[in-house]
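Step one of this worksheet: look at the structure below.
The values are calculated or read from the model by the stated rules, or taken from the named source; none is laboratory data. A quick note: this is a predicted structure, and the numbers were derived from the prediction, not measured. Every residue, glycine among them, receives a Cβ derived from its backbone with ideal geometry; neighbour counts consider all protein chains shown. Side chains are part of the model used for accessible areas, which takes the heavy atoms of the whole protein and leaves out ligands, DNA and RNA. Shrake-Rupley method; radii C 1.70, N 1.55, O 1.52, S 1.80 Å.
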Amino acid sequence: MNIDIQARNFELTDALANHIQRRLDFALSPRYEQIQQIQVRLSDINGPRGGEDKCCHVRIVLPRLQDIVVEDTELDMYVAINRAIDRAGRSVSRRLSRQRVRNQR
(Lines give C-alpha, C1' and ligand atoms only; values in the text may rest on other atoms or scores of the structure.)
Protein backbone atom coordinates (compact mmCIF):
# COMPACT_ATOMS: atom_id res chain seq x y z
CA MET A 1 0.00 0.00 0.00
CA ASN A 2 1.20 3.45 -0.91
CA ILE A 3 0.43 6.57 1.14
CA ASP A 4 0.93 9.92 -0.62
CA ILE A 5 0.61 13.14 1.41
CA GLN A 6 0.89 16.53 -0.28
CA ALA A 7 0.25 20.12 0.76
CA ARG A 8 -0.76 22.83 -1.67
CA ASN A 9 -0.27 26.56 -1.03
CA PHE A 10 1.66 25.94 2.21
CA GLU A 11 4.51 23.82 3.59
CA LEU A 12 3.75 20.36 4.95
CA THR A 13 5.18 20.17 8.46
CA ASP A 14 6.39 17.03 10.17
CA ALA A 15 3.69 17.53 12.81
CA LEU A 16 0.93 17.50 10.16
CA ALA A 17 2.42 14.48 8.37
CA ASN A 18 2.73 12.56 11.65
CA HIS A 19 -0.83 13.49 12.61
CA ILE A 20 -2.15 12.24 9.26
CA GLN A 21 -0.22 8.97 9.60
CA ARG A 22 -1.57 8.39 13.13
CA ARG A 23 -5.14 9.10 12.03
CA LEU A 24 -4.80 6.79 9.00
CA ASP A 25 -3.41 4.02 11.22
CA PHE A 26 -6.28 4.44 13.67
CA ALA A 27 -9.03 4.55 11.03
CA LEU A 28 -7.72 2.18 8.37
CA SER A 29 -5.02 -0.15 9.73
CA PRO A 30 -7.37 -3.17 9.94
CA ARG A 31 -8.08 -2.68 6.21
CA TYR A 32 -4.55 -1.85 4.98
CA GLU A 33 -4.22 -5.22 3.22
CA GLN A 34 -7.27 -4.41 1.09
CA ILE A 35 -6.19 -0.86 0.14
CA GLN A 36 -3.93 -0.18 -2.84
CA GLN A 37 -3.27 3.51 -2.34
CA ILE A 38 -4.16 6.44 -0.10
CA GLN A 39 -3.77 10.04 -1.27
CA VAL A 40 -4.13 12.95 1.14
CA ARG A 41 -4.12 16.49 -0.27
CA LEU A 42 -4.10 19.44 2.10
CA SER A 43 -4.78 22.97 0.90
CA ASP A 44 -5.29 26.44 2.28
CA ILE A 45 -7.86 27.87 -0.11
CA ASN A 46 -7.79 31.52 0.95
CA GLY A 47 -4.12 31.64 1.87
CA PRO A 48 -3.18 34.18 4.56
CA ARG A 49 -6.60 35.88 4.48
CA GLY A 50 -7.99 33.32 6.93
CA GLY A 51 -11.49 31.99 7.19
CA GLU A 52 -12.96 28.50 6.95
CA ASP A 53 -10.65 27.41 4.19
CA LYS A 54 -8.43 24.55 5.35
CA CYS A 55 -9.26 21.62 3.10
CA CYS A 56 -8.36 17.94 3.45
CA HIS A 57 -9.03 15.75 0.39
CA VAL A 58 -8.65 11.98 0.88
CA ARG A 59 -8.74 9.44 -1.97
CA ILE A 60 -8.57 5.72 -1.25
CA VAL A 61 -8.02 3.25 -4.06
CA LEU A 62 -9.51 -0.22 -3.55
CA PRO A 63 -8.85 -3.06 -5.99
CA ARG A 64 -11.81 -3.85 -8.27
CA LEU A 65 -13.98 -1.26 -6.50
CA GLN A 66 -14.74 2.38 -7.11
CA ASP A 67 -12.38 4.84 -5.39
CA ILE A 68 -13.51 6.48 -2.18
CA VAL A 69 -13.12 10.27 -2.18
CA VAL A 70 -13.82 12.37 0.91
CA GLU A 71 -13.23 16.09 1.35
CA ASP A 72 -13.68 18.28 4.40
CA THR A 73 -13.18 22.03 4.83
CA GLU A 74 -12.78 23.57 8.26
CA LEU A 75 -11.25 26.53 10.06
CA ASP A 76 -8.56 24.31 11.61
CA MET A 77 -6.47 21.93 9.46
CA TYR A 78 -6.30 19.26 12.18
CA VAL A 79 -10.10 19.19 12.47
CA ALA A 80 -10.44 18.89 8.68
CA ILE A 81 -7.94 16.00 8.67
CA ASN A 82 -9.69 14.19 11.53
CA ARG A 83 -13.15 14.51 10.00
CA ALA A 84 -12.09 13.53 6.47
CA ILE A 85 -10.10 10.48 7.56
CA ASP A 86 -12.83 9.31 9.96
CA ARG A 87 -15.44 9.55 7.19
CA ALA A 88 -13.11 7.78 4.76
CA GLY A 89 -12.55 4.96 7.27
CA ARG A 90 -16.29 4.44 7.69
CA SER A 91 -16.77 4.49 3.90
CA VAL A 92 -14.04 1.89 3.36
CA SER A 93 -15.58 -0.41 5.99
CA ARG A 94 -19.04 -0.02 4.47
CA ARG A 95 -17.85 -0.62 0.91
CA LEU A 96 -15.81 -3.70 1.82
CA SER A 97 -18.70 -5.12 3.89
CA ARG A 98 -21.05 -4.73 0.94
CA GLN A 99 -18.51 -6.41 -1.33
CA ARG A 100 -18.15 -9.31 1.11
CA VAL A 101 -21.94 -9.80 1.21
CA ARG A 102 -22.15 -9.76 -2.59
CA ASN A 103 -19.36 -12.33 -2.86
CA GLN A 104 -21.16 -14.65 -0.45
CA ARG A 105 -24.30 -14.68 -2.58
Problem set entry | Net +/- balance of residues flanking V61 in space, Cβ distance below 13 Å, scoring K and R +1, D and E -1 | +2
Exercise. Amide H neighbours of Q37 under 5 Å, counting only residues 5+ apart in sequence or on other chains, H built in-plane at 1.01 Å?
Worked result: N2, V61
Exercise. What are the semi-axes of the equivalent ellipsoid for the stretch 1-47, taken as the square roots of 5 times the Cα gyration tensor eigenvalues, largest first, in whole Å?
Worked result: 23, 11, 8
Exercise. For the stretch 64-78, in order, what is each residue's ³J(HN,Hα) by Karplus, 6.51 cos²θ - 1.76 cosθ + 1.60 with θ = phi - 60°, in whole Hz (x at glycine and Pro)?
Worked result: 6, 10, 5, 4, 9, 10, 10, 9, 9, 10, 9, 6, 10, 4, 5
Exercise. Add -39500 (n - 2.57) for each DSSP H run of 4 or more in the chain, then divide by its residues: what number comes out at 222 nm, to the nearest 500 deg cm²/dmol?
Worked result: -14000 deg cm²/dmol
Seminar exercise, completed: So D76 and R94, fully extended at 0.36 nm per residue minus their Cα-Cα distance, gain in nm 3.7 nm
Exercise. In debye, nearest 20: dipole of the chain around its Cα centre with unit charges on the Cβ of K, R (+) and D, E (-)?
Worked result: 900 debye
Problem set entry | More than 17 Å apart - percent of Cα-Cα pairs taken over the stretch 15-84 | 44 percent
Problem set entry | Listed residue (V40, L65, I81) projecting farthest to the positive dipole end of the chain, Cβ model | L65
Seminar exercise, completed: accessible surface per residue for the chain, probe 1.4 Å, DNA/RNA/ligands not counted, whole Å² -> 61 Å²
Seminar exercise, completed: Ranked output for segments 37-43, 63-69, 73-79 by mean other Cβ atoms within 10 Å, highest leading, reads 37-43, 73-79, 63-69
Exercise. Simple spin-label model, 7 Å along Cα-to-Cβ: Q21 to V61 in nm?
Worked result: 2.1 nm
